[in-house]
Structures are given as structure tokens and as C-alpha cells.
Amino acid sequence: MRHHNILNSKHEFLKKKISNINNIQILELGVAQGNSTKIFLEICDLNNGNLISVDIIDCSQVSNNSRWEFIKASDDEFDIINPKIKKPLDILFIDSLHEPNHVKKVFFNYYKFLKVGGICIIDDVSWLPYVVNKKKENSYVAMTNYNTFNKVLEIYNSNIENFSLEFFFEGSGYAVITKKENFKLLEEKKVIFKKKTFKNFVKNFYLKLPKK
Ligand SMILES: C[S@@+](CC[C@H](N)C(=O)[O-])C[C@H]1O[C@@H](n2cnc3c(N)ncnc32)[C@H](O)[C@@H]1O
């Protein structure tokens with residue numbers, strides 16, 4: 001039941017983000033059983049839109065909606081997929097191989113197809129449901145999602161002029177990237193600040209004093 005509610009709140013968030021875009025053009029990476037695909041098609045029906053979805057396995061039976069084009073390929077087979085994107089995108093949804101460098105690779109390729117004002121949503125960036133003593137404890141998934149979160153932050157760190165970034169932390173979370181300018185993306189930059197400064201030392205010292 002709880003799982004159901006969390007899923008719904010992620011889906012509600014997704015629907016709200018996209019429901020007022022007319023003639024919406026969506027590219028989805030990762031279909032599986034088609035939960036997100038069906039949400040996107042519902043919006044396409046309402047808003048006269050089109051959806052292209054990519055999966056490495058054959059998911060073509062998920063829908064026979066004429067607004068849908070399914071491409072069976074790995075989403076980094078750019079020579080196959082890029083020519084099929086004929087219109088600028090309103091939405092890029094990344095939910096395929098959850099590996100930070102893969103997410104970066106596909107984001108950097110498909111970002112150029114996004115309109116200014118267009119949104120890229122990256123699924124599974126929260127590690128909180130998978131940490132020690134949580135019902136879904138899974139250190140592998142926790143680590144993967146944590147690394148994806150940090151990768152997105154590092155990309156943002158060098159592209160602050162390019163896009164805005166929000167995180168939604170219900171369930172397994174979303175990163176929501178809104179394109180501001182048509183600049184070329186810059187390579188990610190580590191997020192570094194000095195922890196062992198004199199001021200920080202003094203602050204920590206006072207914080208550790210017993211309270212009266
Ligand atoms: C988490 S599922 C997608 C779930 C779906 N978006 C939803 O919300 O219901 C991930 C899917 O990505 C596919 N996949 C994995 N690696 C891929 C790749 N390199 N290119 C395209 N699809 C991939 C898998 O076959 C799987 O169906």
C-alpha cells in the first residue's frame with residue numbers, strides 16, 4: 001500500500017509537470033512494463049502530442065497508440081536514434097541503465113534536442129529508501145542512486161548558466177533539469193569546498209561544548 005502511494009506521488013508529480021504543454025513532444029529512455037509510457041501517452045492524447053520510447057528489449061506490445069513510436073535499441077546507439085527525433089523535445093525522460101556515466105552519456109547527447117524551457121527528468125536519484133534498516137535496504141541500489149545524484153550535481157556545477165536543477169525526493173526520486181539557454185553543455189566539475197578552515201574549526205569547537 002505504502003509502495004503504491006509513493007509510486008502515485010511520483011506519477012502525480014510527473015503528470016503535473018507536463019500536463020499543460022500543448023503539442024507535447026517526449027523522448028523516453030527505458031520502457032519495461034510501460035508504467036511511465038502509459039502516463040506519457042495519456043498526456044499525448046489530451047495535448048495532441050507524440051512520444052518516442054527506446055528500450056533494449058522489445059516493449060512494442062505496451063501500446064498500439066498511433067501517437068507512439070517504439071525503437072528497440074540501446075539508448076546510446078545515437079546513429080539509429082538521433083535521426084528519428086524530428087521535432088524539438090519538450091520532455092526527455094531518462095530511466096534506462098542506472099549507471100552514472102551512462103546517464104551522463106545519454107543526457108549529453110539528447111540535451112541538444114530539448115527546447116529552451118524543455119525539461120529533462122532523470123529517474124532514481126534518491127538513495128534514502130535503500131539505506132541500512134529501511135525496508136528496501138539494498139546497498140548496491142543506494143550506491144548507484146547516490147552516485148547518479150552526485151553526477152547530476154557535478155554536471156550542474158559547471159552548467160549553472162545553462163539549466164536549472166530541482167530534486168524531488170519522494171520514493172526513488174527525480175532530478176528535474178529545465179533548459180534555460182541553448183549553450184553547449186560543459187563537462188562536469190567536482191563539487192569541492194575546504195572543510196578544514198580555521199573558521200570551521202572554531203565553529204565545530206563551540207558546537208561540541210556542553211550546553212548550559
Ligand atoms: C526501470 S525500467 C524502466 C521503467 C519505466 N520507465 C517505468 O517507469 O515503468 C528500465 C528499462 O531500461 C531498459 N534498458 C536498460 N539498459 C538500456 C539501454 N542501454 N538502452 C535502452 N534501454 C535500456 C531495460 O530493458 C528496462 O526495461
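The values are calculated or read from the model by the stated rules, or taken from the named source; none is laboratory data. Not measured: the values here are computed from a predicted model. Cβ sites come from the backbone with ideal geometry, for glycine too, and all protein chains shown count toward neighbours.
Summary table below
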quantity: Members of segment 157-195 that are of a type in the set (F, W, Y) and touching a Gly at 6+ places or on another chain (Cβ under 9 Å); calculated: F167
quantity: Checking S74 against (1) in contact with a Lys or Arg (Cβ under 6 Å, 6 or more places away or on another chain); (2) near the ligand (Cβ under 9 Å from one of its atoms), the condition it does not meet; calculated: (1)
quantity: Residue list for segment 11-37, filter: among the charged types (D, E, K, R) and without any contact (Cβ under 8 Å) to a residue 60 or more places away in the chain; calculated: E12, K15, K16
quantity: Only one of K134, K180, K203 that is in contact with a strand residue (DSSP E or B) (Cβ under 6 Å, 6 or more places away or on another chain) and surrounded by fewer than 17 Cβ atoms within 10 Å (Cβ to Cβ); calculated: K180
quantity: Among the residues listed as V191, V141, the single one being under 20 Å from S36 (Cβ atoms) and of a type in the set (V, I, T); calculated: V141
quantity: Per-region count, segment 132-162, residues more than 15 Å from the ligand (Cβ to nearest atom), in a loop (DSSP other than H, G, I, E, B), without any contact (Cβ under 8 Å) to a residue 12 or more places away in the chain and more than 20 Å from I91 (Cα to Cα); calculated: 5
quantity: Cβ pairs under 7 Å, 6+ apart, first in segment 38-57 and farther than 13 Å from Q25 by Cα, second near the ligand (Cβ under 8 Å from one of its atoms) and of a type in the set (V, I, T); calculated: D55/V31
quantity: Every pair of residues 6+ apart whose Cβ atoms lie under 6 Å, when the first sits in segment 72-91 and is buried (at least 16 other Cβ atoms within 10 Å of the Cβ) while the second is outside any strand (DSSP E or B) and polar (S, T, N, Q); calculated: D75/S96
quantity: Candidates I119, I94 - the one that is at pLDDT 95 or above, surrounded by 21 or more Cβ atoms within 10 Å (Cβ to Cβ), of a type in the set (A, V, I, L, M, F, W, C) and within 15 Å of the ligand (Cβ to nearest atom); calculated: I94
quantity: Residue in segment 60-71 that is under 30 Å from E181 (Cβ atoms) and among the aliphatic types (A, V, I, L, M) present; calculated: yes
quantity: Conditions (1) hydrophobic (A, V, I, L, M, F, W, C); (2) touching a helix residue (DSSP H, G or I) at 6+ places or on another chain (Cβ under 7 Å); (3) at pLDDT below 95; number of the one not met by L7; calculated: (2)
quantity: V31 being near the ligand (Cβ under 9 Å from one of its atoms) and under 20 Å from F149 (Cβ atoms); calculated: no
quantity: Residue identified as aromatic (F, W, Y) and over 16 Å from G118 (Cα atoms) among F70, F93; calculated: F70
quantity: One residue from L165, L128, L185 being in contact with a strand residue (DSSP E or B) (Cβ under 9 Å, 6 or more places away or on another chain), surrounded by 10 or more Cβ atoms within 10 Å (Cβ to Cβ) and touching a residue at least 40 places away in the same chain (Cβ under 8 Å); calculated: L185
